[in-house]
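Report on the following structure.
The values are calculated or read from the model by the stated rules, or taken from the named source; none is laboratory data. Just so it is clear, the model here is predicted, and its values are computed rather than measured. Glycine also receives a Cβ, built like all others from the backbone with ideal geometry; neighbour counts cover every protein chain displayed. Quick note on the areas: whole protein, heavy atoms, side chains included, nothing else; ligands and nucleic acids left out. Shrake-Rupley method; radii C 1.70, N 1.55, O 1.52, S 1.80 Å.
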There are 2 protein chains.
Amino acid sequence: MQVKKVQFSTQATAFYFDAAFSTLKSVVPQKNTVLITDEHLAAAHPKIFKGWNTIVLKAGEEYKVQATVDSVIQQLIAMHADRTWTLVGIGGGVVTDITGYVASIFLRGVKFGFVPTTLLAMVDAAIGGKNGIDVGLYKNMVGTISQPQFLLYDVALLKSLPDNEWRNGFAEIIKHAAILDATMFKELLERNLDYFQRTKPALKKLVQRNAALKAKVVKEDEFEKDKRRLLNFGHTLGHAVEKQYSLMHGEAVSIGMAFAAKLSAEMLKFKGQEKLTDLIDQYGLPVAAGYDKQKVFDVLVSDKKREGEQMNFILLERIGKAVVKKIPLQEIYKMM
Amino acid sequence: MQVKKVQFSTQATAFYFDAAFSTLKSVVPQKNTVLITDEHLAAAHPKIFKGWNTIVLKAGEEYKVQATVDSVIQQLIAMHADRTWTLVGIGGGVVTDITGYVASIFLRGVKFGFVPTTLLAMVDAAIGGKNGIDVGLYKNMVGTISQPQFLLYDVALLKSLPDNEWRNGFAEIIKHAAILDATMFKELLERNLDYFQRTKPALKKLVQRNAALKAKVVKEDEFEKDKRRLLNFGHTLGHAVEKQYSLMHGEAVSIGMAFAAKLSAEMLKFKGQEKLTDLIDQYGLPVAAGYDKQKVFDVLVSDKKREGEQMNFILLERIGKAVVKKIPLQEIYKMM
């Protein structure tokens, strides 16, 4: 096991890399801790929850809503949870988003940590303190930014992960490469999904590298005034199509990245459009989709990144170098 | 008008004392601002809301619940509110609690300010960043701590305040005196409610003094690890009886202060019990109530200040000097 601490504005987060789930007992006291997970994970790993207070959520993004938050809070009250308790989210991004959100509002804030169980959560969703829920068609419309006490990484939990969930994670890994790390972009081009699924040391290294990359950006700009916005690459159009067409997050982001690459070519003479769409395709992810332009645009204008008649859009100058540009809404509509 | 800035951990709050409501236009831009108020205030002061985006809540603590938060968020989405917007709560503690809470979670946080319209909100509820909603019988079970950009004080808004609301505010003023300010305690003993209602300069001075007192304590200990806990004097038993018997907050706190004074006499040989109950009585507030002991105790153990089998209880060593003591739950039960 390797422990790396990252100090955020008001909270230090400990990253336990290359750890085993069983280590959790030495990280938090069982008595004052409640594990929050979903029904799939509870069914797949009944043993690991034994001896812990546990709250089991229905699985899936459609339950990332206020009704689930209400239910978790009712259960915490019934358990007589107080301010000394720690909530630990065991799961993918939906579980960690809900757990972090509940922890940030229950009793005006209690401690929390995560054990991400999907590749996407390990390299992205569980890191950085953003949490929240969806409201109607709008993703993450409500939430807070608050940092977990710890993240515990056990890649053995990925063993039963379905292929589409692996691809989901690679969408964010490709994103990190595209906006921040041209070297990793090259390495990804030389490998494929199958290689990382078969080669545990390479996988561990990739996970740790991406987690560190994300944590570094967040540390530099926790409240997203500046550099952190780059991580939204692919997510503006992505979010708008995701809910409307029930896409996987990684699929939606891939479509969004391809669109942002097209915009970048048009507006910044970005040369890597084809290279990026090739890499996305190489990892089994989509680069285009038929969608109702007006409907998607209507959701897009409700994006948190809109400011009046403009949208802060993340574009690429080159592979490994992203920038934020204010783009008029009608320009986006035209290019869609 | 007098402007005092107080720097909290991540936010400076501007206090506009002795201001007029009409000043609000120079504090926030009308276009990107929404005023949040309740139906009574909207009916009582139709003119002041003219020209502003407005969300009107149902009045009363029974609406300080998630359903109201949901409704405000739906209305903000419908208005296409984005991160550049400011929410301004115009009202008593319920309105400011909901406004602050919504602002701290909508789009993961937008700017907000308050115009308190009750004495209680002016001297206490609107200051310090605590916000939130009730869950079932449990007060403020869910919320955050986040500081407003500004508070605007216009005591002219108190003109139509009913007498029981005046008493409500004085409960917190008496609390401030009891825990922090023996001089103010003496001055309060020499006056009465009628005097402050008739004497505007004395009222303004009292409001500003109490607002400054509270802001100072919060600044020293924003996240309630230490000194801020003293402000909970009278609130532990108070909260437990308040919801169950639909008492005014000030009535409940008064009953709670009288109980805490009794506990203080028993445990710390506090000598001022009678003086305090006399002062509470002098301002028309209750010092005792018949209640179902077991029922109230059951709510009390769910208080945020409980830690395992003990409760952090605020007691008085003397008038003007409060301390936090861990008291076993059964001891509290015995004294109830």
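Could you check what % of the DSSP bridge pairs in chain A are antiparallel, to the nearest 5?
Close to 50 percent.
Mind computing the radius of gyration and Dmax over the alpha-carbon atoms of chain A? Å is fine for both.
When restricted to Cα atoms, chain A yields Rg and Dmax of 19.3, 59 Å.
Given label points at 7 Å from Cα along Cα→Cβ, what nm distances, shortest first, separate residue A:246 from the same residue in every other copy?
For residue A:246, the inter-copy label distances come out at 4.6 nm.
Whole-Å semi-axes of the range B:1-88's equivalent ellipsoid, largest first, each the root of 5 times a Cα gyration tensor eigenvalue?
23, 17, 15
Count, for each residue of A:74-84, the Cβ atoms from other chains sitting within 10 Å of its Cβ, then give me the mean as a whole number.
3
Quick check on the range B:223-288: what are the equivalent-ellipsoid semi-axes from the Cα gyration tensor, as sqrt(5λ), descending, whole Å?
Three semi-axes, in Å: 18, 18, 10.
What number, in nm² with one decimal, is the all-direction average of the projected area of the convex hull of the alpha-carbon atoms of the protein assembly as shown?
28.9
Using label points projected 7 Å from each Cα along Cα→Cβ, tell me how many nm separate residue A:156 and residue A:289, to one decimal.
Spacing of the two 7 Å Cα→Cβ label points: 3.6 nm.
Relative to the present Cα-Cα distance, how much length would full extension add between residue A:329 and residue A:18 at 0.36 nm per residue of separation?
Between residue A:329 and residue A:18, full extension yields an extra 107.5 nm.
Where the Cα atoms of the range B:154-276 are projected onto their three principal axes, how long is each span, largest first, in whole Å?
The principal-axis extents, from largest down, are 42, 34, 29 Å.
Between residue B:4 and residue A:25, how high is the FRET efficiency from 1/(1 + (r/R0)^6) when r is the Cβ-Cβ distance and R₀ = 51 Å? Nearest 0.05.
0.55
At 1.4 Å probe size, with the rest of the protein present, what percent of the exposed accessible area of chain B is carbon and sulfur atoms?
Accessible surface attributable to carbon and sulfur in chain B totals 50 percent.
With the convex hull built on the Cα atoms of the range B:253-336, state its orientation-averaged projected area in nm².
Computed as one quarter of the Cα hull surface, the answer is 5.4 nm².
Please label the shape of the range A:88-165 as rounded, prolate or oblate, based on the square roots a ≥ b ≥ c of the eigenvalues of the alpha-carbon gyration tensor (a/c under 1.5 means rounded; beyond that, a/b larger than b/c means prolate, else oblate).
oblate
For residue B:219, go through the aspartates and glutamates and keep the ones whose alpha-carbon is under 20 Å away, minus same-chain ones fewer than eight residues off.
Filter leaves B:97, B:124, B:172, B:181.
Taking a label point 7 Å from Cα toward Cβ, how far is residue B:194 from its twins in the other copies, in nm, shortest first?
Going from nearest to farthest copy, the values are 9.3 nm.
List, shortest first and in nm to one decimal, how far the label point of residue A:44 (7 Å from Cα along Cα→Cβ) is from its counterparts in the other copies.
Ordered by distance, the counterparts are at 5.7 nm.
What residues qualify as long-range amide H neighbours of residue B:112, i.e. H under 5 Å apart, gap of 5 or more or another chain, H built at 1.01 Å from N?
Close amide H contacts, sequence-distant or interchain: B:87, B:149.
Give me the lysines in straight-line cross-link reach of residue A:47: C-alpha distance below 26 Å, same-chain residues under 8 apart excluded.
A:25, A:31, A:58, A:64, A:111, A:159, A:200, A:204
Provide the percentage of antiparallel DSSP beta bridges, counting only those with both residues in the range A:1-128; round to the nearest 5.
Of all bridge pairs located within the range A:1-128, approximately 30 percent are antiparallel.
At a Förster distance of 45 Å, what's the computed FRET efficiency of residue B:191 paired with residue B:70, Cβ-Cβ distance as r, to 0.05?
0.55
So if R0 is 45 Å, what FRET efficiency would residue A:80 and residue B:39 give, r being the distance between their Cβ atoms, rounded to the nearest 0.05?
FRET efficiency, residue A:80 to residue B:39: 0.80.
Determine which residues of the range A:169-202 fall in the zone a paramagnetic label at residue A:274 would reach in this model, i.e. backbone nitrogen under 20 Å from the point 7 Å along Cα→Cβ.
A:178, A:185-191
Please work out the Cα center distance from the range A:21-100 to the range B:247-272, rounded to the nearest Å.
First find each Cα centre; the distance between them is then 39 Å.
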